[in-house]
1. Looking at 24, 44, which is the one that is out of contact with any helix residue (DSSP H, G or I) (no Cβ under 9 Å at 6 or more places or on another chain) and surrounded by fewer than 18 Cβ atoms within 10 Å (Cβ to Cβ)?
2. Any idea how many residues of the range 27-38 are of a type outside the set (Phe, Trp, Tyr) and in contact with an Asp or Glu (Cβ under 8 Å, 6 or more places away or on another chain)?
3. Working only within the range 7-43, note down all residues that are in contact (Cβ under 8 Å) with a residue 12 or more places away in the chain and in contact with a Lys or Arg (Cβ under 6 Å, 6 or more places away or on another chain).
4. Are any residues in the range 68-79 assigned to a helix (DSSP H, G or I) and either touching a residue at least 12 places away in the same chain (Cβ under 8 Å) or among the aromatic types (Phe, Trp, Tyr) (or both), and if so, which ones?
5. Does the range 82-94 contain at least one residue that is part of a helix (DSSP H, G or I) and either under 12 Å from the mean Cα position of the chain (by Cα) or in contact (Cβ under 8 Å) with a residue 40 or more places away in the chain (or both)?
6. Report the residue count in the range 51-87 for those that are surrounded by 14 or more Cβ atoms within 10 Å (Cβ to Cβ) and not acidic (Asp, Glu).
7. I'd like the residue in the range 28-38 that is surrounded by fewer than 19 Cβ atoms within 10 Å (Cβ to Cβ) and within 11 Å of the chain's Cα centre (by Cα) and, out of all such residues, is nearest to residue 54 (Cα to Cα).
8. Out of the residues in the range 5-16 that are under 12 Å from residue 40 (Cα atoms) and among the hydrophobic types (A, V, I, L, M, F, W, C), state the one that is surrounded by the most Cβ atoms within 10 Å (Cβ to Cβ).
Amino acid sequence: MLIVHVHVQVRPESVEDFVTATLANARASVQEPGIARFDVCRQADDPTRFVLVEVYRDADAPARHKETAHYAAWRDAVAPLMAAPRTSVKLANVFPDDAGW
C-alpha cells in the first residue's frame, strides 16, 4: 500500500468549484483497480484547505492514475482555483499490516 496525502489551499471564492471538480475526480478514481480508497477532507477550521487521502494498492498505481482522463480534467480544472501550489506527502502503511480494505 502507498498512501498519499495531497494538501490543497483553494482561493476562498473558488471553494465550491474546487469541491465539484474534486468530487467528480474522486468518484471516478475509486473505480480504478489500483486505488483502494480516495477521501476528500476539508479542514474544520479553514474551509479553503483540503487534504486528499489517496490509498494505492501498489507503487505503480499513482502513475496509472495520472494517465486517466478524469485526473487530467481535475488537474486542469483546479489549477487556477488554488491559492498556492498543492503539496503531497507519501506514507507507508504500518497498521493494519494486512491493509485489508
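1. None of the other options fit; the residue is 44.
2. Result for the range 27-38: 4.
3. Residues satisfying the conditions are 8, 9, 34, 36.
4. Here is the first cut: in the range 68-79, the ones assigned to a helix (DSSP H, G or I) are 69-79.
Residues satisfying the conditions are 70, 71, 73, 74, 77, 78.
5. Scanning the range 82-94, I find no residue that is part of a helix (DSSP H, G or I) and either under 12 Å from the mean Cα position of the chain (by Cα) or in contact (Cβ under 8 Å) with a residue 40 or more places away in the chain (or both), so the answer is no.
6. Selection size over the range 51-87: 20.
7. Step by step, filter the range 28-38, then rank; the result is 37.
8. 8
The values are calculated or read from the model by the stated rules, or taken from the named source; none is laboratory data. Note that the structure is a prediction, hence the values are computed from the model and not measured. Glycine also receives a Cβ, built like all others from the backbone with ideal geometry; neighbour counts cover every protein chain displayed.
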